[in-house]
1. Which order do the peptides 103-112, 126-135 take when ranked by the mean count of other beta-carbon atoms within 10 Å per residue, highest first?
2. Treat the count of other C-beta atoms within 10 Å as a stand-in for reagent exposure and order 56, 61 from fewest to most.
3. How would you rank 32, 94, going from fewest to most other Cβ atoms within 10 Å of each one's own Cβ?
4. How are the alpha carbon pair distances in the stretch 29-90 distributed across 10 Å bins from zero to the largest one, expressed in percent?
5. Extension gain residue 100-residue 38, at 0.36 nm per residue separation less the Cα-Cα distance, in nm?
6. Kindly provide the helix-only [θ] at 222 nm of the chain, computed as the sum of -39,500 (n - 2.57) over DSSP H runs of four or more divided by all residues, to the nearest 500 deg cm²/dmol?
7. Under the Kirkwood approximation applied to all pairs of distinct alpha-carbon atoms, what is the hydrodynamic radius of the chain in Å?
8. Across the stretch 61-139, what fraction of all alpha-carbon pairs, as a whole percent, falls in each successive 10 Å bin from zero upward?
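Read-outs throughout are calculated quantities, based only on the coordinates presented, and are distinct from any laboratory measurement. What you see is a predicted model, and the numbers here were worked out from it, not measured in a lab. Cβ coordinates were reconstructed from backbone atoms using ideal geometry, including for glycine residues, and neighbour counts include every protein chain displayed.
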Ligand code: AMP
């Protein structure tokens, strides 16, 4: 069973590539960002607590996302594509334990490599149509700062475990998808 982490900065194309991979391999797409946005849209107690944090571009607390991931793994039978998780090393360590608890292993972590200027360009472009309250210039800066300070060390964590696969995320969407698929096929 495939269990894959799709990793990259905000704007790296994780959402787009997730859709293509989910269609190809029949995986369950687990995006913590989407799950959190749903809580806000549904105006749940949790949604009310996290709205201002997400609007500022900061990360929400580990407990919240870890609980979501635990449930998602427990409910899944197809294999999972993790999108937007883990976002820090503590979450990566927890993911390993959760997968083990459910008798699974991570296949690999695919990291989409995109130059910083391109990330900002894409996010500002997306801001025009996404309706996402965190797609504005101020928040984008903070999201990149959070990524560099907290999320980037996750790549080194998986590198140490021999699970980090870097893919060029700049160029044609279908070419990027083909590169990702080629890497997954090597590790299936
Ligand atoms: P995303 O859709 O992945 O860009 O996530 C949007 C926002 O949701 C982030 O800026 C964080 O506030 C929050 N978020 C998503 N995933 C996580 C996570 N794994 N840990 C903490 N916060 C997260």
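1. With the highest mean Cβ count within 10 Å placed first, the list reads 103-112, 126-135.
2. The fewest-first ordering by Cβ neighbours comes to 61, 56.
3. So the ranking, lowest neighbour count to highest, is 94, 32.
4. 21, 56, 22, 2
5. 19.6 nm
6. That calculation yields -18500 deg cm²/dmol at 222 nm.
7. Hydrodynamic radius (Kirkwood, Cα pairs) of the chain is 16.8 Å.
8. 14, 37, 30, 19, 1
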